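Enquirer: My questions all concern the structure below.
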Amino acid sequence: MGRRKAGGRPINGWLVIDKAPEMTSTHVVNVVKRLTEAQKVGHGGTLDPLATGVLPIAMGEATKTVAYIMDARKSYRFILRFGEARDTDDAAGAVIATSDQRPTDEAIRDALPRFEGLIQQVPPQYAAVKVLGERAYDIARRGEKVELAAREIRVDELRLVGRPDPDHGEFLMTCGKGAYVRAIARDLGQLLGCLAHVEQLRRTEVGAFNLDNAVSLEALARIVENETLPQVLVPMTTALAGIPALAVTEPQALRLRAGQPVRVAPALLGDGAGDPATVRAMRAGELIALARLEGMELSPMRVFQHGPMPIGTRE
């Protein structure tokens, strides 16, 4: 690690944390900031306290790419408990209704297509969505009823992969932004006439980030102590893998970083010349800016001022 500067160390990149249960996403951010002493840290999408798995942590200039991770496709593996509805729609909440009915495997599989594709979903009462400027879960914790509007979400896949016993089912789900697994559990239980809630939830992927490049907070503490943090940092461009790259010259890079537009040669534009698009302006493998390409003009939207993370003896 490098010498600490005022306000923390200049660390730029993504860190993929394998979140432990009973921990909020904000708590994880605070622990990462304390361990690494990074100048700036944020997370790429809330993970429920009960849930475990992939929680992308943005550091330094990578915080400018958080919105792209928020919009990324996500994958989950989870276990539903049939026969109980809970106020939080997961095992952390209080039981509010029970049922003696248990669905067959065939009934579950027949119901799942109703939850795939573009569907309307009402978020759980205990959700991070805002109602008149206040988080829904804060209102629900006061014992007040929250009226949440249905919204469109995308579920790419929802599959039953195991049935440990009649009370439980194990599922895989891949979805887009804003989808709640807890709401899927609630609505599936109601459709099957048996009630249900999430008993276990593990996020396995967020965009290009997955469990293969994730570390626990305990492992991170050892990594920082051994001064090997750069070995587990993921480049900022990983969060932008779906955005086309456009190489720029050194003079163009300087202008873009100064917030000024540049002209690009038609030969660089390919068949999409003239179509407005967001691109990654790259110079010698380094991310310069996210820019709007329209015609032959490249206008910076997000500029990245970064260099390698300093390595050295901690003070």
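Enquirer: Loop only per DSSP, at most 14 neighbouring Cβ atoms within 10 Å: give me the trypsin sites (Lys or Arg not before Pro) in the range 133-191, ordered by residue number. Kindly include the intermediate steps, with their values, before the conclusion.
Expert: Details: sites: ARG135, ARG141, ARG142, LYS145, ARG151, ARG154, ARG159, LYS177, ARG182, ARG186; in loops: ARG142, LYS145, LYS177.
Here the sparse-neighbourhood loop sites are ARG142, LYS145, LYS177.
Enquirer: Using the Kirkwood radius built from alpha carbon pairs, what does the Stokes-Einstein equation give as D for the range 66-123 at 4 °C and 1.567 mPa s, in µm² per second?
Expert: 90 µm²/s
Enquirer: How would TYR137, TYR76 rank on accessible area, largest to smallest, probe 1.4 Å?
Expert: Accessible-area ranking of TYR137, TYR76, largest first: TYR137, TYR76.
Enquirer: Sticking with this structure for a sec: Inverting the mean 1/r over all pairs of different Cα atoms, compute the Kirkwood radius of the range 196-256 and quote it in Å.
Expert: 15.3 Å
Enquirer: Label-point separation (nm) for ALA284 and ARG135, each offset 7 Å from Cα along Cα-to-Cβ?
Expert: 4.4 nm
Enquirer: Okay, moving on. Lysine pairs in the chain 8 or more apart or on different chains: how many have alpha carbons under 29 angstrom apart?
Expert: The number of close lysine pairs in the chain is 26.
Enquirer: Given the Cα atoms of the range 29-78, and with Rh set as the inverse mean 1/r over their pairs in the Kirkwood sense, what is Rg to Rh to two decimals?
Expert: 0.99
Enquirer: What's the FRET efficiency of GLU227 with MET296 using the Cβ-Cβ distance as r and R₀ = 51 Å, to the nearest 0.05?
Expert: About 0.65, to the nearest 0.05.
Enquirer: Please provide three numbers in whole Å: the alpha-carbon extents of the chain along the principal axes, with the largest listed first.
Expert: Dimensions of the chain along the principal axes of its Cα atoms: 70, 52, 38 Å.
Enquirer: Among ILE139, ILE288, ILE11, which one shows the highest mean-square fluctuation when the chain is modelled as a Gaussian network with alpha-carbon springs under 10 Å?
Expert: Between ILE139, ILE288, ILE11, it is ILE139 that shows the largest mean-square fluctuation.
Enquirer: Here's a follow-up. Which Rg and Dmax, in Å, describe the Cα atoms of the range 140-214?
Expert: Spelled out, the Cα radius of gyration and Dmax of the range 140-214 are 14.6, 41 Å.
Enquirer: Per the 1.4 Å probe, what fraction of the accessible area of the chain, in percent, lies on carbon and sulfur atoms?
Expert: Values: 7460 of 15310 Å².
Of the solvent-accessible surface of the chain, carbon and sulfur hold 49 percent.
Enquirer: Turning to a different aspect of this structure: Roughly how many nanometres apart are two label points built 7 Å out from the Cα toward the Cβ at THR46 and LEU254?
Expert: Those two pseudo-labels are separated by 4.6 nm.
Enquirer: Given labels modelled 7 Å from the Cα in the Cβ direction, how far is it in nm from GLU152 to GLN190?
Expert: About 2.1 nm, to one decimal.
Enquirer: Something else now. Before I look further, what does the chain give for accessible area per residue, probe 1.4 Å, in whole square angstrom?
Expert: 49 Å²
Enquirer: Over all alpha-carbon pairs of the range 122-246, lay out the pair-distance distribution in 5 Å bins, whole %, shortest bin first.
Expert: 2, 8, 13, 15, 15, 14, 14, 11, 6, 2, 0
Enquirer: How are the Cα pair distances of the range 50-189 distributed, in percent, across 5 Å bins from 0?
Expert: Spelled out bin by bin, the range 50-189 gives 2, 9, 17, 20, 20, 16, 10, 4, 2, 1, 0 percent.
Enquirer: Quick check for me: using +1 on Lys/Arg Cβ and -1 on Asp/Glu Cβ, what's the dipole size of the chain about its Cα centre, in debye to the nearest 20? Walk me through the intermediate numbers first.
Expert: Details: 40 positive and 39 negative charges, 256 e Å.
Once rounded to the nearest 20, the dipole reads 1220 debye.
The values are calculated or read from the model by the stated rules, or taken from the named source; none is laboratory data. Remember, it's a predicted structure, so these values are computed and weren't measured experimentally. Please note: Cβ atoms are built from the backbone with ideal geometry, for glycine as well, and neighbour counts cover all protein chains shown. These area figures cover heavy atoms from the full protein model, side chains too; ligands, DNA and RNA do not enter into them. Shrake-Rupley method; radii C 1.70, N 1.55, O 1.52, S 1.80 Å.
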